[in-house]
Structure formats: structure tokens, C-alpha cells
1. Could you compute Rg(Cα) / (2.2 N^0.38 Å) for the range 449-541, with N its residue count?
2. For a bin width of 10 Å, list the pair-distance distribution of the range 353-441 built from all Cα-Cα distances, rounded to whole %.
3. Whose amide H sits under 5 Å from the amide H of LYS497, counting only residues 5 or more places off or on another chain, with H placed in the peptide plane?
4. Evaluate the Debye formula for the range 3-205 with equal point scatterers sitting on the alpha carbons, no solvent, and hand back log10 of I(q)/I(0) at q = 0.15 Å⁻¹, in q order, two decimals.
5. Rounded to whole Å, give me the distance from the Cα center of the range 281-351 to that of the range 658-686.
6. If I take the Cα coordinates of the range 611-694 and project them onto the principal axes, what are the three extents in Å, biggest first?
7. State the antiparallel share, in %, of DSSP beta bridges confined to the chain, rounding to the nearest 5.
8. Spit out the partnerless Cys residues in the chain, using Cβ distances under 4.7 Å as the pairing rule.
Amino acid sequence: MLEHFFSPGTVAVVGASREEGKVGHDLLRNLVTYGYKGKVYPVNPKADNILGIKTYASLREINDTIDLAVIVVPAPHVLAVVDECHYKGIDSIIVISAGFKESGIDGASRERDLLRKIKQHSIRMIGPNCLGLIDTQSALNASFAADMPAQGSIAFISQSGALCTSVLDWAVDECIGFSKFISMGNKTDIDEVDLIQVLDSDGQTKVILGYLEGVNNGMAFMHAAQKITKKKPMIIVKSGGTMAGARAASSHTGTLAGAENAFDTAFKQSGVLRAKTVEELFDYARIFGQQPLPKGPRIALITNAGGPGIIAADAVERSKLEMAALSKNTIDLLRSSLPPMANVYNPVDVLGDAKADRYKFVAETVAADPNVDIVLVILTPQTMTEIEKTAEVICEISNCAGKTVVTSFMGGKRIKNSLKIMCQRKVPNYPFPERAVSAIEAMYRYTLWQKKPIPEMKEMNMQKEQVVPVFEKVRQTGRQDLGEDEAKQVISVYGFKIPRSILATSETEAAEAAEEIGYPVVAKISSPDILHKSDFGGVIVGIKNASEMRRVFCDMTQKSRRLLPSAEIKGVLVQQMITGGKEVILGMSRDPQFGPLLMFGLGGIYIEVLKDVTFRIAPIGLHEAEEMVREIRSFPLLQGVRGERPVDINALTDGIVRISQLVTDFPEIMEMDINPLMVFPDGGGTMAIDARLTITQAGAS
């Protein structure tokens, strides 16, 4: 669908320049230097010939069909060029020119005009404010980058042109080749979702790398990413939070969510590996581009120095990998051939005097062990170490072992030649064992994602129509925050049990309500303006008799009116006191890019201090809900400790799925918490003790 960007038969460079060092000159030179077989038409009204190529005053003068136009004119002239593209029937353009939304208010207005114009003319566009595009298969270098990468299986997409040039420069030294290299710039039209769809069907691309500052359509990104990552790994380094995500949040979930947690969650649910740094992006690119995926987590370490071997083993223990238990046959072979001082267990220490032949024997023996999925070879340059020869034998073993083989040759000047050998033979080397283990773990995590079935979504039959009048009533009063009684009414429609409660408007009504419910009871201030009642002394538990109930009513209402004189005080909610369960929290905050971000964690008043929470983007199924529950650090408390019975996990996961459906059914819900949700021992179900909910004033969007 975007084939003219990657394999055009003809390319016009509008703004081609005779002057070396100008973007228009460098871009034209790149097009004609690296073997592109199509026709190139420079456009410049002040030149007849550039780089020996006939140059045209305008697109209209070219007597040929143009597949792709690359525009390098000053920003104020871009719209006029787009009109010329429409006249020539050009459907694909790359706008290199800067001076759009990145430059301020006037530039943003110019960019909006540009978008309207290309939509009007049915033109697709990469940019503006971008480095351009490289496709190594068609030898197309429609960029002003300083280098042309070698052909390879990695595609790179980026919002940052400067990062593109850095990656290109790095790749040359690392012997890494690329299939496509795309600078998206401002992403005014073509964005990461469009490009993921292109790369999904691109046979040359096996791995996708990317740098993103944000996504235009969160759900579309997740759907596209989830589809492609089942076939090809996608590794993204994400920087910069969104201003939209920084709005004031009043719920616990809203406070804890944040844009970064939303991105982490979206990447996790769609199989994207998130690199925390550019260094980590490079580390992952190296191993994914050069080695087969591991068949399992079992790693064997080979080292000529004890310290680095221990460091690597520690890193393995902290990861999802496992130290391989070498078979008896492997141990016997190693013991029969290695010096007595050598360690024949994992990590295998070949000793400091090991030469290439010893490394070769051990690496071949260990790689052949059926208990080993991955081999990490560590080398420190010692006086007798045959560094280059060792690199060569490890490369030979890597090429025929059929397993993931990685090295960590540690040092500087003395290992430089060996790094070139391994680079050319596609064996990734890491300067430190921890980085090697981290990259291997990323590969293994990706294999787990590939095996993971896509979750099934089963919609529950809820009486949604009962929620609509509750929201309408709240809006009619000019509010967005539901009162506790209103929030509980909504969640009860979605199957949550709630304690019996009665709203009292006087101390006499409070005493009568408590008598009817049965002591002990809980008293809560009822006000749509007081969201966190505990902060104002607005929750009292364990009230035992009528006189205490009367006193609590008076104290609570008077204190609330004194501390918040503008708040609407409806009275006091007298509630059945529930004991015997564990307190958890279920919540949601609507992320501006990805939609409803669900949260689960231990509940109560310490939620924001402990922050032991986990997130998912709705809608989710039962399996993902169970994963949420098991991910929190304090999950063992829910399983029961010191003789306690485990809580009802099935009821808990069912509740998470119900929240997921509620916030999916009603996009006007912006934030909500059920805190605490009491979870009872196995088979006892759950009870929503407190709830709060915020909706948009305008209704569903």
C-alpha cells in the first residue's frame, strides 16, 4: 500500500542543490551514489544541471510519471510543491523540510494546513522534519544520512533523525545490516502503525527496532504490534512523557498510573520489548540480528576467570534465565580433559592459561549438551590467552551449534582484533557479562511471548441500561464525581456485592439505621466533594451502640463542614461492618493514548506508599486478570501465610474482568477505584467496601 516509498521507479528531488553541504545536495548525491536503479529528477528553478543530471525548474516540466517526490524546500513553500505533486499525479511524498510544529505556533498552523492539503489530494506523506528513508533492497537512499547501511534483516523506525544517523554510524562498526531505515519526523500522516503494517509483510525484515516519543493511536498501535510480534521481534526505546497524561488525577489509580506505566503496559500486552536506554537498544539489536532464538532458558557459562563467571551467574539468577545443570556425560568429558584445578560444573572455569584449543573443546562439549540452550563465553585477556584464535573457534561453533552463542570478551586494545572477527561472523560480543545476560534474557522473554496464546475476550451479559440514568443524573447536577452511593450502584450492576448501607441525614436517623443494620457498623461522610474520606476523618469503624453512633454523626458532619465549608454534605452513610478478608484495590485511569488502564494491588490507605500494583489496558480476559494478581510482590499474602487460608483468587480475577468490561462499555468513565475490595478466604467471594468514580461531563466520546 506504500510501495512507492520503498521501491519507486522514479524519484524527484524538489529543492535539489548544487552546493555541497546543503541537504538538497547530499540527498540527491545519496540517491545517485548507492546503486538505485530508478530514474532521478532534480528540481531547482535556478540550475540546469546538478551532479551531471539534467535539472528541471518545476515538477510540471518533467515529462515522466513520478512515483516519489522528496521535498527539501523551505517550509513556507512546501504547500505549493504539494499542489504541483497533485498536478503530476504523485501519491507519495517525503517532506524533509523543518519549520513545522516543532518550531512553534506558526509552524503548527502550517503543519495543519499541510495535513489538510495532502488529505484533500489523497497523497501519503512521511515527515515533515525528517531525515528521510533508506531501503537497502532497492538501493534507495532518499535521505541526507552520511552513510548507506549494508543489506540486512533489521528495520529501524525513528521519530528522531539525529538518532538515525547515530544508529547508522554504530551499525557500520558492528557489521549490522538493515532492510529499511525510516525517519518519521513529525508523523503528520504516516506513523508507526502504518510502518509496522508495511514491515509485517516485508520478507526482508526479520527484526524491528524503533525510537518513539509517543504514539498517535494507542489501540491501533497495540493491535498492529500484537500481530507482528507473533512473527518478528519489535524492540522500542521510548522517551518523553505526554502532557495529556500529566493532568491532575484524583483517584489512587490516576495518581499511580502515569504515561510511562501506560506505555510499559501497552508494550507488554502487545509483545514489544522495551529498551530502557539507547545502549540497551543497541545490545538487543546485536543479538536479535545475529543469533537464533534460544529454545529455552538454560544457560551455560564458560570463563577463564572466576570473578566474571560469578558476576555472570549472579546476573542469570536475577533474570528469567536458569543456570543449566550439565549432564553427567558432559561433566565426565570435561573432567577427563581439563586440568585438575578447572571447575567442570556451571560456570565452567577453563583457567587463566586456557588457549584456543581448550576453549574449543569446552565450548563444543557444552554446546552439545541437551541440557543447554544458550552458551555465554567469557574471556579476559591474560598473558597466554590466544584471543583472536579463540574468537575464530567460537565463531565456528556458533555457526554449527544451532544454539544461541554469545561472548563477553572483556577489555580494550588487546581484544580489538577479535571483535572484528566476531562482528564479521555474526557472533555478538558484550564488553561486560551483565549486558550479555540482559540481551539473552530479552531473547528468551520474546520466545515466551511467541508461545503465549492471544487472550480470549468473553463479554459478560450486563444490564448496562441501568447505569445510564445514574450518569445522566450526576451530569444534570453539574458534577463529574459520583457519590459513594452512586458509584456503588454502578458497580453493583456489574456484579459486585456491596455491604448494606443507609444514608442518614440526622443523628436520630443514624442511630435508627445502625440499629436496623446491626452493630458494629461503619460510618462514612457522604459528600461528592470529599473523595478521600479518610484524610478528613470521614471514616469511623467499629461503632458499637446508639450513643456512639449519634456522637460520631455530629462530630463527622461538623468537622467536614469546618474543614471544607464549600463541600456539599449529604449526611453520613451508615454501613454494615465487614471483617475477615484481605483488602485489595481495583481501579482504572483513562490514558489519553491507550485508553482504560486497569490497576490491581493491595488496598487500603497505604496503596500510594507501597505502590505494589500492576497494570493492564482494557479489555482483558480471565487469563490476563490472573496474571495481574500474581504479578504483585505481595501475592504470597493472598495465598495465605502462617496458617492463613488463601483468598478467593477466582472471585478476584472475575472482579477485574468485570471492571474491564464496565470501563470498556462506558468510555465516559475517566477514573475509578474500588478501595478496598474485601477478598474472603477461598470460595468466599468479594465485597466492595468503598468505591469512587469520575465521568466526563459531556458523556461518552
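Rule-based calculations on the coordinates, nothing more; no lab input. Quantities reported herein were computed from a predicted structural model and do not represent experimental measurements. Reconstructed Cβ throughout: ideal geometry from the backbone, glycine too, with neighbour counts over all protein chains shown.
1. On the way: Rg = 18.2 Å, N = 93, 2.2 N^0.38 = 12.3 Å.
Scaled against compact globular proteins, the figure is 1.48.
2. P(r) for the range 353-441, in whole percents per bin: 17, 55, 27, 1.
3. Under 5 Å from the amide H of LYS497: ALA688.
4. Here the Debye-derived log intensity ratios amount to -0.88.
5. 46 Å
6. 44, 25, 24
7. On the way: 54 of 105 bridges.
Among the beta bridges of the chain, antiparallel pairing accounts for roughly 50 percent.
8. Lacking a cysteine Cβ partner under 4.7 Å: CYS85, CYS130, CYS164, CYS395, CYS400, CYS554.
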